[in-house]
1. Consider D129 carefully, then state whether it is touching a residue at least 12 places away in the same chain (Cβ under 8 Å), open to solvent by 20 Å² or more (accessible area, probe 1.4 Å) and either away from the ligand (no atom under 16 Å from the Cβ) or out of contact with any strand residue (DSSP E or B) (no Cβ under 9 Å at 6 or more places or on another chain) (or both).
2. Does K17 satisfy being at pLDDT below 95 and of a type in the set (K, R)?
3. If I go through region 21-70 residue by residue, how many of them are open to solvent by less than 70 Å² (accessible area, probe 1.4 Å), assigned to a loop (DSSP other than H, G, I, E, B) and in contact with a His (Cβ under 6 Å, 6 or more places away or on another chain)?
4. Condition first: hydroxyl-bearing (S, T, Y) and open to solvent by 70 Å² or more (accessible area, probe 1.4 Å). Can you find one or more residues in region 86-95 that meet it?
5. Which count do you get for residues in region 71-83 that are surrounded by fewer than 15 Cβ atoms within 10 Å (Cβ to Cβ) and either touching a residue at least 12 places away in the same chain (Cβ under 8 Å) or within 16 Å of the ligand (Cβ to nearest atom) (or both)?
6. From the residues in region 97-125 that are open to solvent by 70 Å² or more (accessible area, probe 1.4 Å) and away from the ligand (no atom under 16 Å from the Cβ), which one is farthest from Y53 (Cα to Cα)?
7. Find the residue count for region 52-70, including only residues that are closer than 10 Å to Q120 by Cα and within 16 Å of the ligand (Cβ to nearest atom).
8. Pull out all pairs, ordered by first then second residue, where Cβ-Cβ is under 6 Å, the residues are six or more apart or on different chains, the first lies in region 22-42 and is under 18 Å from H57 (Cβ atoms), and the second is within 16 Å of the ligand (Cβ to nearest atom) and open to solvent by less than 60 Å² (accessible area, probe 1.4 Å).
Amino acid sequence: MSHIFATWRMDYINIEKPAGCIFCNFPKENKDDERYILARGDECFVILNLYPYNPGHMMVVPYRHTNIYESLSGAEISDMTRLTSRALSVIKRVMSPDGFNVGMNLGKAAGAGIDEHLHQHIVPRWVGDCNFMPVFSDTRVVPEALSATYKKLKGEWNI
Ligand SMILES: [Zn+2]
């Protein structure tokens, strides 16, 4: 089988979107554990993706609501870079991936699920994970698995 099917993402596509912007609202709620917020910087925060392409899939997001990359300030870019770098080292220590995809989908046409508030994806990759995914094709990513991943990563982040 040569296609990648992350079919649990259909849950994401099919669910009713919550009102407002989750990237604006979640950090304000101060329920970081419930919202799977891993870390907070001065300008950006780090949050686990609820519908990950792979375990450990996280996003670095500016607090400021914008979808225009070139509007980011030097401080925002610097914080995003610092948190991305830290995320890579934490994921490496906890999950030993073989590689990473790091980047942004800007605009719906580019595949952005939430296109009104930009965010940088960090997706750990393992050799053969594309081939392996169909095995899980009718498996949802259960909250318990997400929660366990969150605890491990958060523990390592705070060392
Ligand atoms: Zn927002």
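1. No, not satisfied.
2. For K17, the condition - at pLDDT below 95 and of a type in the set (K, R) - is met.
3. 2
4. No, region 86-95 has no match at all.
5. Total meeting the criteria: 3.
6. The qualifying residue farthest from Y53 (Cα to Cα) is A109.
7. 4
8. Close Cβ pairs satisfying both conditions: F23/V61; F23/H117; R35/F26; Y36/I47; I37/F45; I37/I47; L38/V46; A39/V46.
The values are calculated or read from the model by the stated rules, or taken from the named source; none is laboratory data. Remember, it's a predicted structure, so these values are computed and weren't measured experimentally. Here Cβ is always computed from backbone atoms with ideal geometry, including for glycine, and neighbour counts include all displayed protein chains. Calculation scope for accessible area: heavy atoms of the full protein, side chains included, ligands and nucleic acids excluded. Shrake-Rupley method; radii C 1.70, N 1.55, O 1.52, S 1.80 Å.
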